[in-house]
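A.B. asks: Encoded as structure tokens, here's the structure I'll be asking about.
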Amino acid sequence: MSATSDGGAAPGTLDRIMARKRQELAARPPMAPRVRPEHRDFALGLVTQRTGRPLSVIAEVKRKSPSGGAFPHSDVVAVARAYEAAGASAISVLTDGPDFGGALEDLVAVREAVAVPVLRKDFLVAAREVEESAQWGADAVLLIADALEDGELREMIATAKAVGVAALVEAHTEAHAERALSAGAKLVGINNRNLATLKTDTGTALRVMPLLRSRARVLVAESGLKSLADLLAARDAGADAVLVGESLLREPDPGRALRRLLGTEDASA
Ligand SMILES: O=P(O)(O)OC[C@@H](O)[C@@H](O)c1c[nH]c2ccccc12
């Protein structure tokens, strides 16, 4: 039974994407081995780079999304460079093609262009993909607790540890966050967006993070964040970092938008 099964209702976006991902994986052979670049410490960057900023930002690049449609920036490398210059602690790169317009090649290109750690943002369904992500240069991978069985989650977290990539385990509810911790997650993201309905409520992370604070090494508030006030509220609820994409990618100058979000626009202009 799927962790997202809800008793016969029409499948949500997350179920649809996960089903596609499982089919894609079953149909493709293992990837050829690659020479892996030197690892960058994702967790350390998030918990130590807080001086002078409200908290760490993982800034996201994607060309489109099911909730946001197309964004006006196709050069994800240029956007990633601008994010880094504006103070991003890490870059999140969507590598899903059909729904987000990304590719594994984007991960490689972004990583070569910046010095900060890079998160592979995708809908991974198997431990084999965690190993492949490491080979392609991911410093961290996203795992979605709501969409994975306990056994899968446990195995993928263990594989991430074994190959030396950080696993940011995302949950939308307290129950799934507890499953993530039980499966061995040390880095936990609370997604304000319900990936079944795509509805976003920024109160979600504020409510769930305090319940987890003492048991997670790193806490990340994800999705729908638009203002410095949103960041300060996340920090006060225990976040080490926030994951922000859409509100930056809608702007003509995403680097400037990140400075504005961090309240550092004048100091670094
Ligand atoms: O673009 P936003 O609303 O700022 O959100 C970024 C990120 O949290 C969101 O893209 C996201 C969170 N979890 C995901 C899982 C898969 C794909 C995308 C996501």
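No value in this document is a laboratory result; all are computed from the given coordinates. Only a predicted model underlies this, so the values are computations on that prediction, with no experimental measurement involved. Cβ atoms come from the backbone with ideal geometry, glycine included; neighbour counts cover every protein chain shown.
A quick yes/no check of all residues on (1) polar (S, T, N, Q); (2) in a helix (DSSP H, G or I); (3) in contact with a strand residue (DSSP E or B) (Cβ under 6 Å, 6 or more places away or on another chain):
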{"site": "54", "(1), (2), (3)": "no, no, no"}
{"site": "77", "(1), (2), (3)": "no, yes, no"}
{"site": "82", "(1), (2), (3)": "no, yes, no"}
{"site": "98", "(1), (2), (3)": "no, no, no"}
{"site": "106", "(1), (2), (3)": "no, yes, yes"}
{"site": "111", "(1), (2), (3)": "no, yes, yes"}
{"site": "115", "(1), (2), (3)": "no, no, no"}
{"site": "128", "(1), (2), (3)": "no, yes, no"}
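A.B. asks: For the range 185-203, which residues satisfy the criterion of being near the ligand (Cβ under 10 Å from one of its atoms) and touching a Lys or Arg at 6+ places or on another chain (Cβ under 6 Å)?
C.D. replies: Selection gives 200 alone.
A.B. asks: Can you pull out every residue in the range 208-249 that is of a type in the set (S, T, N, Q) and farther than 18 Å from residue 53 by Cβ?
C.D. replies: Correct list: 214, 223.
A.B. asks: Can you name every residue in the range 224-269 that is within 12 Å of residue 57 (Cβ to Cβ) and part of a loop (DSSP other than H, G, I, E, B)?
C.D. replies: Those that are within 12 Å of residue 57 (Cβ to Cβ) and part of a loop (DSSP other than H, G, I, E, B): 225, 239, 240, 245, 263, 264.
A.B. asks: Also, quick follow-up: Considering only the range 158-186, how many residues are hydrophobic (A, V, I, L, M, F, W, C) and either crowded, with 24+ Cβ neighbours inside 10 Å or touching a Ser or Thr at 6+ places or on another chain (Cβ under 8 Å) (or both)?
C.D. replies: Qualifying residue count for the region: 10.
A.B. asks: Report whether or not residue 206 is under 17 Å from the mean Cα position of the chain (by Cα), touching a residue at least 12 places away in the same chain (Cβ under 8 Å), over 26 Å from residue 74 (Cβ atoms) and within 16 Å of the ligand (Cβ to nearest atom).
C.D. replies: Judged against the criteria, residue 206 is not a match.
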